[in-house]
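A short worksheet on the structure shown next.
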């Protein structure tokens with residue numbers, strides 16, 4: 001198992017922390033914000049409000065949620081002199097992370113991240129617009145431009161600083177992380193930022209009406225909650241369909257569940273990030289969903305399949321992709337379902353992809369699927385022993401399987417049962433047939 005963070009990650013975390021401290025310290029020395037009674041009261045109110053809203057969940061368009069604190073953080077940018085929003089961000093996040101018992105290194109990084117996010121956003125507002133009341137936006141093109149820049153900066157700075165550490169630890173490009181993860185968070189964050197701007201406008205024009213902002217906030221929450229619930233129900237329906245396919249044959253009952261469990265263990269050994277592991281888990285649970293288009297006479301045939309029957313059987317990854325493709329929430333999983341029968345040497349199906357052209361998740365599912373298929377009994381053959389199947393997977397490295405995935409698979413097997421040490425180089429033999 002991996003222990004600790006790689007050195008580049010530690011250096012990056014320290015650099016962000018130092019940059020945030022330097023940014024705030026230099027800003028305080030150069031700007032020296034006037035701490036009037038009104039500023040102090042506003043600072044305290046927004047600090048408390050931000051802390052409270054950190055614990056109010058807001059559903060995302062993907063699994064998980066964020067918090068309503070974005071609304072209060074945005075308000076600090078427009079209501080407080082620079083660089084006080086940065087101080088609020090650092091203090092609130094540090095408090096939340098202390099409560100969550102986050103390791104000190106990540107506590108400091110997350111606090112520094114928000115200090116820089118709010119500090120840079122506040123600097124843009126004051127430098128570009130001159131920090132007028134938002135009520136003057138209609139009379140100032142610069143103020144409108146500054147608001148647009150603040151909305152962009154608040155999101156981009158926070159996401160970029162986070163993506164760099166994810167890229168370093170996960171050995172992925174920042175572009176990959178941005179395209180696969182962060183675009184899904186964009187709309188919810190912009191909605192929360194807009195609610196924050198509306199809150200400031202109402203506060204500056206009619207403070208007594210500020211409580212009415214609960215209406216757009218709750219409306220936004222309910223809209224995203226409904227979308228999230230529909231996505232969850234769709235996912236549950238697809239998994240139930242995949243399970244029903246497994247249950248059609250007593251020999252393959254719970255096959256997809258076992259494949260998903262093993263795929264997760266392999267992925268964890270490979271250091272794949274949590275979000276990609278969750279996508280892998282979901283794809284593994286649905287990898288054979290395309291078999292719904294294969295008749296029982298072929299699917300459960302006790303003897304050898306004819307060429308035409310094999311062609312039909314090999315169509316199930318494509319059928320699975322076609323079932324999932326209409327649902328945008330499965331856009332990451334569809335490729336894994338389509339390509340889980342591709343081979344490292346390019347002799348798989350349906351597209352004869354070779355090597356790293358095969359999606360990593362599909363390569364992991366291929367190994368997990370093959371192992372479970374080998375160890376499961378069928379009407380026409382008994383299942384292999386665990387040790388025999390391990391050797392087949394080992395021998396299939398560089399031909400049927402990705403050798404890195406095989407190495408991680410062998411580590412998983414070693415932890416649960418003693419096998420030949422993995423330092424022995426896998427041979428280039430051909431592994432037994434996979435799960436069909």
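Derivation of every value follows stated rules applied to the coordinates shown; laboratory data play no part. Because the structure is predicted, anything quoted here is derived from the model rather than measured. Don't worry about glycine lacking a Cβ; one is built from the backbone with ideal geometry, like all the others, and counts go over all protein chains shown.
Quick notes on this structure:
- Placing a label point 7 Å from the Cα of residue 318 along the Cα-to-Cβ line, the residues of the stretch 335-373 whose backbone N sits under 15 Å from it are 338-342, 348-353.
- Ranked list, fewest to most other Cβ atoms within 10 Å of each Cβ, for 88, 151, 190: 190, 151, 88
- Alpha carbon centroid spacing (whole Å) that separates the stretch 348-413 from the stretch 108-123: 46
- Cα principal axis extents for the chain, largest first, Å: 85, 44, 35
- Estimated FRET transfer efficiency (residue 296, residue 237; beta-carbon r; R0 22 Å; 0.05): 0.50
- Sorting 47-54, 296-303, 370-377 by their mean Cβ neighbour count within 10 Å, with the most densely packed peptide first, gives 370-377, 47-54, 296-303.
- Taking label points 7 Å from Cα along the Cα-to-Cβ direction, residue 7 and residue 354 give a separation of 3.7 nm.
- Extension gain for residue 225 to residue 386 (0.36 nm times residue separation, less C-alpha to C-alpha distance): 53.5 nm.
- Sites residue 171 and residue 308, calculated FRET efficiency, Cβ-Cβ separation with R0 41 Å, nearest 0.05: 0.40
- Gyration tensor (alpha-carbon) shape descriptor, the stretch 7-205, a/c threshold 1.5: prolate
- Overall form of the stretch 231-416 per C-alpha gyration tensor (a/c, 1.5; a/b vs b/c): rounded
- Burial ordering of 344, 178, fewest other beta-carbon atoms within 10 Å first: 178, 344
- Footprinting exposure proxy for 79, 212, 91 (fewest neighbouring C-beta atoms within 10 Å first): 212, 91, 79
- Inter-site label distance for residue 156 and residue 187 at 7 Å from Cα along Cβ, in nm: 2.2
- Helical contribution to [θ] at 222 nm, DSSP H n ≥ 4, -39,500 (n - 2.57), averaged over the chain, rounded to 500: -20500 deg cm²/dmol
- Among 232, 105, 338, the residue with the largest mean-square fluctuation in a Gaussian network model of the chain, with springs joining Cα atoms closer than 10 Å, is 105.
- Most mobile listed residue (202, 405, 74) in the chain, GNM with C-alpha springs under 10 Å: 202
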